[in-house]
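Have a look at the structure below, then the notes.
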Amino acid sequence: MKNIRLISVILFGMFIVMLLISAETISYIQPDNVTGAVKDTGAINVIAAYYLGYRLFDTLFEILVFTVAVQGVVHLLGHMPTLEQHKPMREKAIIIYTDLIFGASLITGMYIAVAGHISAGGGFVGGIVGATGAVLVFLTMPMEDIEKEFNHTYMAIWEMCILATIFALVLLPIFIGMYPMKNFLPLGTPGHIVSGGIIPIVDTLIGIKVLIGAVTIAQTFIKHRGVF
Amino acid sequence: MIYIAIAVVIFAIGGIGIIWKDNILLKLLSLGIMNAGVVVLFVSIAGLKHRIPAILNTNGPYADPLPQAVIITSIVIGFATMSLALVFTMLISLKKGTLSSKKLQEDIDREH
């Protein structure tokens, strides 16, 4: 644990130093106009260009707040008594309906997250849309099946891995001599699905992370409070 | 302009709920309504001059993208923090056996 603390101090120290010595950062704070934003970031959705380009620092810590909230819910509810009798809805029609809706909502949410830079949407919205299907499925499944299919430990590991990947992507430009949070991948043709450098990658990662977080919250609440 | 007025009304409804309601759970719901009012305010400020969303495959003049980019993250964060607050409410109800803020205040006064 001591080593991790040391590594984090060194990493964020480099972050601040590179931020201070780089003059380019100042021109990257605000675009001239809407077309200027597209030229800077390669994403034709200017809102994505803002929150994953100009204001990426803000978004990073919003993700951290989300993570802390999810961990708080899991930790605090873990000390409370679980429900002895979990009564899911077991009608056949409802089970088939929710299973069908699960696929639709998962794929729609992931589409919204992946295509966040070329159309309306983004990772935050897509994650929540994807999670609604899973929450519907939870209403119809017995608790043992939920814990088997949506294993809480694996989901927590994935969530932390994705968080680490996002921070690594943002800190990586330090090591190749650019200022932190620079969009270091080629920008591509604006309007294509492969464009905008790191914006679609970070958007997809945020989408998966928000999906896992929302599913974890719903699962914990259902485990301790039941479905109705 | 009318949307800003609607946002202020939603915010005020939430604020009145926080002040008047005795139950902590209802206070939390009022806080959620206030959150919704703030979101509506930001989106309506973005659309004050022009209404077309700033996605460049449509023809502009575009709405201001900055308030929308600021508020898009806060919706999900609001959901997460609200569930954390609900867990705290559950803890209070488990330990004290009541959710009435008046009774909780009396409890605290008696202890000191």
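In square nanometres, what is one fourth of the surface area of the convex hull spanned by the alpha carbons of the stretch A:130-228?
Dividing the Cα hull surface by four gives the mean projection, 8.0 nm².
Name the residue, out of A:P190, A:P81, A:P180, whose mean-square fluctuation peaks in a Gaussian network model built on chain A with Cα pairs under 10 Å.
Highest fluctuation of the listed residues: A:P81.
Using alpha carbons only, how many degrees (0 to 90, rounded to 10) separate the axis of helix A:199-225 from the longest principal axis of chain A?
30
Grab the Cα-Cα distance for A:F61 and A:M89, subtract it from 0.36 nm times how many residues apart they are, and report the gain in nm with one decimal.
6.2 nm
What is the mean number of Cβ atoms from other protein chains located within 10 Å of the Cβ atom of each residue in peptide B:85-96, rounded to a whole number? Walk me through the numbers on the way to the answer.
Working: counts 3, 5, 12, 3, 0, 6, 4, 0, 0, 3, 0, 0.
The per-residue average across the peptide is 3.
Please report the net charge: other residues with Cβ closer than 12 Å to the Cβ of A:E62, K and R +1, D and E -1.
Neighbour charge sum, excluding A:E62 itself: +1.
Quantify how strongly other chains surround peptide A:77-90 by giving the mean number of their Cβ atoms within 10 Å of each of its Cβ atoms.
For this peptide, the per-residue mean of nearby foreign Cβ atoms is 1.
Using only Cα atoms, what is the ratio of the radius of gyration of the stretch B:2-111 to 2.2 N^0.38 Å?
Relative to the 2.2 N^0.38 Å estimate, the stretch B:2-111 comes out at 1.44.
At 4 °C and 1.567 mPa s, grab the translational diffusion coefficient of the protein assembly as shown from Stokes-Einstein with a Kirkwood Rh over Cα pairs, rounded to a whole number in µm² per second.
Stokes-Einstein gives a translational diffusion coefficient of 58 µm²/s.
Kindly put B:E111, A:E144, B:E106 in sequence by how many other C-beta atoms sit within 10 Å of each C-beta, fewest to most.
The order, fewest Cβ neighbours first, is B:E111, A:E144, B:E106.
At a Förster distance of 25 Å, what's the computed FRET efficiency of A:V9 paired with A:I157, Cβ-Cβ distance as r, to 0.05?
E(calc), rounded to 0.05, equals 0.50.
Pick out which of A:G121, A:G177, A:G191 has the largest mean-square fluctuation in a Gaussian network model of chain A, springs linking Cα atoms closer than 10 Å.
The residue that fluctuates most here is A:G177.
Sorted from fewest to most neighbouring beta carbons within 10 Å, what does the list A:I198, B:I4 look like?
Listing A:I198, B:I4 from fewest to most nearby Cβ atoms yields B:I4, A:I198.
Rank-order A:159-167, A:128-136 by packing density, defined as the average count of other C-beta atoms within 10 Å over each peptide's residues, highest first.
Ranking the peptides A:159-167, A:128-136 by packing returns A:128-136, A:159-167.
Report, ordered by chain and residue number, the lysines lying within cross-link reach of B:K103, taken as a straight Cα distance under 26 Å and ignoring same-chain residues fewer than 8 apart.
Of all the lysines, those that pass the test against B:K103 - Cα under 26 Å, at least 8 places apart if same chain - are B:K21, B:K27, B:K95.
If you project the alpha carbons of the stretch B:13-52 onto the principal axes, what extent comes out on each, in Å, largest first?
42, 13, 7
Could you work out [θ]222 nm for chain A from helices alone, using -39500 (n - 2.57) per DSSP H run of at least four and dividing by all its residues? Round to the nearest 500 deg cm²/dmol.
-22500 deg cm²/dmol
Show which lysines lie in cross-link reach of A:K148 when reach means a straight Cα distance below 30 angstrom and same-chain residues fewer than eight apart are skipped.
Correct list for A:K148: A:K87, A:K92, A:K209, A:K223.
Using the count of nearby Cβ atoms within 10 Å as a rough guide to exposure, how do B:V76, B:V8, A:V210, A:V34 rank from fewest to most?
B:V8, A:V34, B:V76, A:V210
A short reminder: the numbers here are calculations on the coordinates, not readings from a lab. Note that the structure is predicted; figures quoted are calculated from it, not measured. Every residue, glycine among them, receives a Cβ derived from its backbone with ideal geometry; neighbour counts consider all protein chains shown.
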